[in-house]
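The structure appears right after this line, and notes come after that.
The values are calculated or read from the model by the stated rules, or taken from the named source; none is laboratory data. Just so it is clear, the structure is predicted and the values come from calculations on it, not from any experiment. As a convention, Cβ positions derive from the backbone with ideal geometry for all residues, glycine included, and neighbour counts pool all protein chains shown.
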Amino acid sequence: MKVTSAIVNGCRQNNRLAQEQLYKLLYADLMQVALLYVVNQSDAEDVLNKSMLKVFKKIAEFEGTHENFGGWIRRIVVHESIDFIRSRKSFNEKHITFANLPEGNSRENWMEEDPGYILKLLDSLSELEKAVFNLSIIEGYSHKEISSMLNVTVANSKWNLHTARKKMKKWIIEKELA
């Protein structure tokens, strides 16, 4: 994320052109972050738009430099994604999308042929499993921190990570045997 100090300063001054430049500059990267947590594209777009609105409202509170501005925004997107997941009526709602998983008979180089396969597997997890997996494995949060963020018990956080890993391992093994 290459954000210049001119864009950051323009956003601080509520310059609409600078805000538009920032949005366009970071859209693809931040959409990938949102998609690590929410299941579908439209929900991720909602999360991203709410995040950017929050960024524009709170940019005066940002005390860093343009070099660490991208990390600050990423953190906002992660927290907005968590808020979205928390707002769902049920963490246990499954969004199984096996129809979207790649099919194939060859086990040769399947990871090279479809590097997005792991992301598709992640999308096959429940929202809570996906959130716990991403927060723990990708973001590096502890189960205590995750339990606080998602308003679940530490044991529940551990269980969801265990379940997500188990499912992912099973799907990868099945893919290799196909």
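Residue 37 passes all but one of (1) part of a helix (DSSP H, G or I); (2) under 21 Å from residue 121 (Cβ atoms); which number fails?
Against the list (1) part of a helix (DSSP H, G or I); (2) under 21 Å from residue 121 (Cβ atoms), residue 37 comes up short only on (1).
So that you can scan it fast, the table gives a plain yes or no per residue for (1) surrounded by fewer than 20 Cβ atoms within 10 Å (Cβ to Cβ); (2) under 13 Å from the mean Cα position of the chain (by Cα); (3) outside the structural domain of residue 161 (by TED's automatic domain parsing):
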site	(1), (2), (3)
15	yes, no, yes
44	no, yes, yes
47	no, yes, yes
51	no, yes, yes
66	yes, no, yes
69	no, no, yes
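Based on this model, can you work out whether residue 44 counts as without any contact (Cβ under 8 Å) to a residue 60 or more places away in the chain and touching a Gly at 6+ places or on another chain (Cβ under 6 Å)?
Values: without any contact (Cβ under 8 Å) to a residue 60 or more places away in the chain: yes; touching a Gly at 6+ places or on another chain (Cβ under 6 Å): no.
For residue 44, the condition - without any contact (Cβ under 8 Å) to a residue 60 or more places away in the chain and touching a Gly at 6+ places or on another chain (Cβ under 6 Å) - is not met.
Of all the residues that make up segment 120-129, how many are within 14 Å of residue 162 (Cβ to Cβ) and part of a helix (DSSP H, G or I)?
First, pick out the residues of segment 120-129 that are within 14 Å of residue 162 (Cβ to Cβ): 125-126, 128-129.
Add one more test, that the residue is part of a helix (DSSP H, G or I), and what stays is 128-129.
Residues meeting the conditions: 2.
Could you give every pair whose Cβ atoms fall below 8 Å, whose first residue belongs to segment 155-170 and is over 19 Å from residue 144 (Cα atoms) and modelled with pLDDT under 90, and whose second residue is of a type in the set (D, E, K, R) and crowded, with 16+ Cβ neighbours inside 10 Å, counting only separations of at least 6 or pairs across chains?
Note: pairs meeting the criteria are 167/129.
Could you tell me which numbered condition residue 32 fails, if it satisfies all but one of (1) surrounded by fewer than 22 Cβ atoms within 10 Å (Cβ to Cβ); (2) more than 11 Å from the chain's Cα centre (by Cα)?
So the condition that residue 32 fails would be (2).
Being within 30 Å of residue 22 (Cα to Cα), assigned to a helix (DSSP H, G or I) and modelled with pLDDT of 85 or more is true for just one of 59, 85. Which residue is that? Lay out the reasoning, then the answer.
Working: 85 fails: modelled with pLDDT of 85 or more.
Only one candidate qualifies: 59.
I'm trying to understand the selection: among the residues of segment 130-173, which are of a type in the set (S, T, N, Q), outside any helix (DSSP H, G or I) and within 19 Å of the chain's Cα centre (by Cα)?
Looking only at segment 130-173, we keep the residues that are of a type in the set (S, T, N, Q), and these are 134, 136, 142, 147-148, 151, 153, 156-157, 160, 163.
In the following step, the residues that additionally are outside any helix (DSSP H, G or I) were identified as 142, 151, 153.
Correct list: 142, 151.
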